[in-house]
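Where a number appears in this text, it was derived from the coordinates with a stated rule and is not lab data. Model, not experiment: these values are computed from the prediction. Cβ sites come from the backbone with ideal geometry, for glycine too, and all protein chains shown count toward neighbours.
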Amino acid sequence: MTLDDPDRAAGTRGPSVRGRIITGLAVLLLAAGITWVLVTGESDGPGSAQLSASGPQAGGGRCAATETMPGGDNSYTAGAPVVSDLGRGFVVSGTVREAGSCAPVRNARVQIWMHTRRGHEALASNRGSVMTDAQGRYRLESLPVVPMFGQPHVHIAYDDDAYAPLFLRPVLDDEDQPSITVDFVLQRRGA
């Protein structure tokens, strides 16, 4: 027995002061981690929405602008280079339309990034931009998505000058899903 641990020196049973401090710190770190997942994961919140076709709305065939999603801009880096692919095994695709008219948005730069088997979503090799075609369609193939904070998800952004910026964070049903289609509607700046 050493005298540098007051509880042991006094003959009490149970964990030492050092053991209680370590246990308390472990519980604190676990609670912080759970809080982080709950705050950033948004398993049922607006940041986890599964986006689908955003075509003409009821009442006159007008398209409403898609709203930016919480968490959509996490790890965003402006000016990601235009790429032909980021690997093989998972496809992100969709159509971009203009609010009001529902017209396809041609030559729009769409940035896509995700956490893959290669590593974290902030890696330059896990992000790239693609341009929409004459029908407003975009497509990017990448390595399969790996869950981050328990959710397999991708990030999609529009940030060029003609339309208001838009950041999306759609969540996949599961990590084995081979593709996701994310259609969205952009609002002209100043409209």
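Within the set of other residues whose C-beta is less than 15 Å from the C-beta of Ser125, count the net charge using Lys and Arg as +1 and Asp and Glu as -1.
On the way: positive: Arg88, Arg117, Arg118, Arg127; negative: Asp85, Glu121, Glu141.
Net local charge, Ser125 excluded: +1.
Taking the Cβ of Arg189 as the center, what net charge do the other residues with Cβ under 13 Å away carry, scoring Lys and Arg +1 and Asp and Glu -1?
On the way: positive: Arg188; negative: Glu98, Asp159, Asp160, Asp161.
So the environment of Arg189 carries a net charge of -3.
Arranged from highest to lowest average of other beta-carbon atoms within 10 Å per residue, in what order do the peptides 71-84, 173-186 appear?
Details: 71-84: 14.1, 173-186: 16.1.
For the peptides 71-84, 173-186, the packing ranking is 173-186, 71-84.
Give me the percent of DSSP beta bridges within segment 46-191 that run antiparallel, rounded to the nearest 5.
Numbers: 25 of 33 bridges.
The antiparallel proportion sits near 75 percent.
Provide the net charge surrounding Arg88, with neighbours chosen by a C-beta distance below 14 Å and charges set as Lys +1, Arg +1, Asp -1, Glu -1. All intermediate terms of the calculation are to be shown ahead of the outcome.
Working: positive: Arg117, Arg118, Arg139; negative: Asp85, Glu141.
So the environment of Arg88 carries a net charge of +1.
Say each of Ala124 and Asp176 gets a label point 7 Å from the Cα, pointing the same way as Cα to Cβ; how far apart are those two points in nm?
3.6
Got a sec to turn the phi values of segment 124-141 into Karplus ³J(HN,Hα) couplings, 6.51 cos²θ - 1.76 cosθ + 1.60 with θ = phi - 60°, whole Hz, x for Gly and Pro?
Per residue, the Karplus-derived 3J(HN,Hα) values read 4, 6, 10, 9, x, 10, 10, 9, 6, 8, 4, 9, x, 8, 9, 7, 9, 9 Hz.
What trypsin sites (Lys or Arg not before Pro) in segment 79-121 are in a loop by DSSP, with at most 15 other Cβ atoms within 10 Å of the Cβ?
Details: sites: Arg88, Arg97, Arg106, Arg109, Arg117, Arg118; in loops: Arg88, Arg106, Arg117, Arg118.
Filter output for segment 79-121: Arg88, Arg106, Arg117, Arg118.
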